[in-house]
Amino acid sequence: MGWTSFKVVGHVRYHMCRRMGVKKLKVGHAGTLDPLATGVMILCSGKATKRIEEFQYQTKEYIATIQLGATTPSFDLEHEIDAVYPVEHITKELVESVLPKFIGEIQQVPPAFSACKVDGKRAYDLARKGREVELKAKLLVIDEIELLECNLPTIKIRVVCSKGTYIRALARDIGEALGSGAHLTGLIRTRVGDVRLEDCLEPEHFAEWIDRQDVETIEG
């Protein structure tokens, strides 16, 4: 925890430049992770940065922990709870009947605290200044939703979805569909395309890993 997408890119760029003995190197990532999320993030360097868009459009899989009965402005733990809702009526059967309604093509309104642009400015910059942010719904695809755990008022789900899906917004919408509120308390991106979490390297182990690689192999 504590690694932002920006910090990971900077960390990797620094150690690659150090290992290769260069001052500059292009490094980018194929899809931001929210600050409180963990999991798969694909990084590309040098000429491979041309493949970033290709990776961005690949299917993603997440494991999300959702707290029912309360909302926050950002739909996750970055902000304090701003409203509470009843949960007494929610049963496992109700959850199981609601989740399939989100499978397929859905319209989703992104969170105000997101990188979406409004009049050329980032939505989260406007939201942090207390400005009202109106974002338009976007069409996206959810291939699978599976209920992994149901310890009400907390549920854990597995989601397979397209680019542009905000799992925080999905948590909000699931809460509303259950006649309550909800926010995300945990998020792990377990897969991007064919790249799985078990294939990945922890950022703190990158320096040690890059030092074991041949410079010729890195440059190639």
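Assess whether residue 95 counts as being on the phi < 0 side of the Ramachandran plot and not in a helix (DSSP H, G or I).
Values: on the phi < 0 side of the Ramachandran plot: yes; not in a helix (DSSP H, G or I): no.
Considered against the rule, which asks whether it is on the phi < 0 side of the Ramachandran plot and not in a helix (DSSP H, G or I), residue 95 comes out as no.
Yes or no: residue 107 in contact (Cβ under 8 Å) with a residue 24 or more places away in the chain, in contact with a His (Cβ under 7 Å, 6 or more places away or on another chain) and not in a loop (DSSP other than H, G, I, E, B)?
Details: in contact (Cβ under 8 Å) with a residue 24 or more places away in the chain: yes; in contact with a His (Cβ under 7 Å, 6 or more places away or on another chain): no; not in a loop (DSSP other than H, G, I, E, B): yes.
It is false that residue 107 is in contact (Cβ under 8 Å) with a residue 24 or more places away in the chain, in contact with a His (Cβ under 7 Å, 6 or more places away or on another chain) and not in a loop (DSSP other than H, G, I, E, B).
Taking residue 79, is it of a type outside the set (A, V, I, L, M, F, W, C) and either buried (at least 19 other Cβ atoms within 10 Å of the Cβ) or more than 30 Å from residue 152 (Cβ to Cβ) (or both)? Talk me through it step by step, then tell me what you get.
Numbers: of a type outside the set (A, V, I, L, M, F, W, C): yes; either buried (at least 19 other Cβ atoms within 10 Å of the Cβ) or more than 30 Å from residue 152 (Cβ to Cβ) (or both): no.
For residue 79, the condition - of a type outside the set (A, V, I, L, M, F, W, C) and either buried (at least 19 other Cβ atoms within 10 Å of the Cβ) or more than 30 Å from residue 152 (Cβ to Cβ) (or both) - is not met.
Do you know which residues across the stretch 83-104 are β-branched (Val, Ile, Thr), out of contact with any helix residue (DSSP H, G or I) (no Cβ under 7 Å at 6 or more places or on another chain) and touching a residue at least 60 places away in the same chain (Cβ under 8 Å)?
If we filter the stretch 83-104 for residues that are β-branched (Val, Ile, Thr), which is where we start, we get 84, 87, 90-91, 95, 98, 103.
Now narrow it down to the ones that are out of contact with any helix residue (DSSP H, G or I) (no Cβ under 7 Å at 6 or more places or on another chain): 84, 87, 90-91, 95, 103.
Hits for the stretch 83-104 are 84, 87, 90, 91, 95.
Of everything in the stretch 67-88 that's assigned to a loop (DSSP other than H, G, I, E, B) and out of contact with any Ser or Thr (no Cβ under 8 Å at 6 or more places or on another chain), which residue is farthest from residue 170 (Cα to Cα)?
Step one: filter the stretch 67-88 for residues assigned to a loop (DSSP other than H, G, I, E, B), giving 69, 72-82, 85-88.
Adding the requirement that they be out of contact with any Ser or Thr (no Cβ under 8 Å at 6 or more places or on another chain) leaves 72-75, 88.
Details: 72: 14, 73: 14, 74: 12, 75: 9, 88: 21 Å.
The extreme case among them is 88.
State all residues of the stretch 161-220 that are among the basic types (Lys, Arg) and surrounded by 12 or more Cβ atoms within 10 Å (Cβ to Cβ); if no residue qualifies, say none.
Our first condition is that a residue be among the basic types (Lys, Arg); within the stretch 161-220, this holds for 163, 168, 172, 189, 191, 196, 212.
Of everything in the stretch 161-220, those that are among the basic types (Lys, Arg) and surrounded by 12 or more Cβ atoms within 10 Å (Cβ to Cβ) turn out to be 163, 168, 172, 189, 191, 196.
Any read-out appearing in this document is the output of simple, stated calculations on the displayed coordinates, not a laboratory observation. Predicted model, so just to flag it, every value in this text is computed and none were measured. Here the Cβ is made from the backbone with ideal geometry for all residues, glycine too, and neighbour counts use every protein chain on show.
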